[in-house]
């Protein structure tokens, strides 16, 4: 299995973290369980159509709007190659206008924009990754010209995200105790009332501020478990990451990734960080893979 990061055009970098190409082979039926990092992603499944989550619908291209729960990609035996686009968490709506009540996985046909449908056909018929990269750059740069110059809410959210998640991919600045932050604190940074801020944040990010802060805490705990000694008490990890107690952290883990903290420690090297900070909208994307090589 190989993972190739592909830089996007420099004008897109404030909005898109990176493109990437994952090349692998599936031995029997396989799956990827992607732990949510709060960022929308666009996937082109180049070698085979896949099933997403527990549904039976097949996707060859999908705009995946991650919520708090894991996303599962189920594939069949054979080549499994994916071309991806990873957006900054609050920027995907600049390129794709979606409704809040729509499904988490949308095809170009679902969105109904002809140039997006055309892009899908061009990407799947392109001869190589250089051609695919140029197609993506052309598509997103063209859409970038349609974004209003003075996007006030974008500026507000950029200020909020800079305050809680640094660009180098950690979960907080050294002088920011994000575990103690509230929606009111973030709203004050954005110069909005809590009610207004919750509406704007949810519209752009796809989840409310409280849920995003919960996701930050979960990712910090994941990182702690990944790097800590197996002999370290889980209660100490829970305390450092802002949980009330171990039971609170365990319940959160069950809901967000389907495993307990102790199970995550046992999984060990199966939990990859192939999609590092530069490609995950400022939070590392962790993936559990089975039958992929």
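Summary of computed values
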item	result
Helices (runs of 4 or more DSSP H) wholly inside the range 217-267 that include at least 1 residues being touching a strand residue (DSSP E or B) at 6+ places or on another chain (Cβ under 9 Å)	246-257, 261-267
Number of the exception - residue 116 against (1) surrounded by 15 or more Cβ atoms within 10 Å (Cβ to Cβ); (2) in contact with a strand residue (DSSP E or B) (Cβ under 6 Å, 6 or more places away or on another chain)	(2)
Qualifying positions in the range 116-132 - assigned to a loop (DSSP other than H, G, I, E, B) and either touching a helix residue (DSSP H, G or I) at 6+ places or on another chain (Cβ under 9 Å) or at positive phi (or both)	126
Residue list for the range 1-18, restricted to those being part of a strand (DSSP E or B) and touching a residue at least 60 places away in the same chain (Cβ under 8 Å)	3, 4, 5, 6, 16, 17, 18
Yes/no for residue 27 being assigned to a strand (DSSP E or B) and surrounded by fewer than 16 Cβ atoms within 10 Å (Cβ to Cβ)	yes
Members of the range 93-124 that are under 25 Å from residue 207 (Cβ atoms) and in contact (Cβ under 8 Å) with a residue 60 or more places away in the chain	93, 94, 95, 100
Test: residue 21 is part of a strand (DSSP E or B), touching a residue at least 60 places away in the same chain (Cβ under 8 Å), closer than 21 Å to residue 119 by Cα and touching a helix residue (DSSP H, G or I) at 6+ places or on another chain (Cβ under 8 Å)	yes
The range 189-211: number of residues that are crowded, with 21+ Cβ neighbours inside 10 Å, assigned to a helix (DSSP H, G or I) and modelled with pLDDT under 90	1
Failed item in (1) at pLDDT 90 or above; (2) not in a loop (DSSP other than H, G, I, E, B), with residue 156 passing the rest	(1)
Breaking point among (1) surrounded by fewer than 16 Cβ atoms within 10 Å (Cβ to Cβ); (2) more than 15 Å from residue 63 (Cα to Cα); (3) in contact with a helix residue (DSSP H, G or I) (Cβ under 8 Å, 6 or more places away or on another chain), for residue 137	(1)
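The values are calculated or read from the model by the stated rules, or taken from the named source; none is laboratory data. Values in this document were obtained by computation on a predicted structure and should not be read as measured data. No Cβ is skipped: glycine too gets one built from the backbone with ideal geometry, and neighbour counts run over all protein chains shown.
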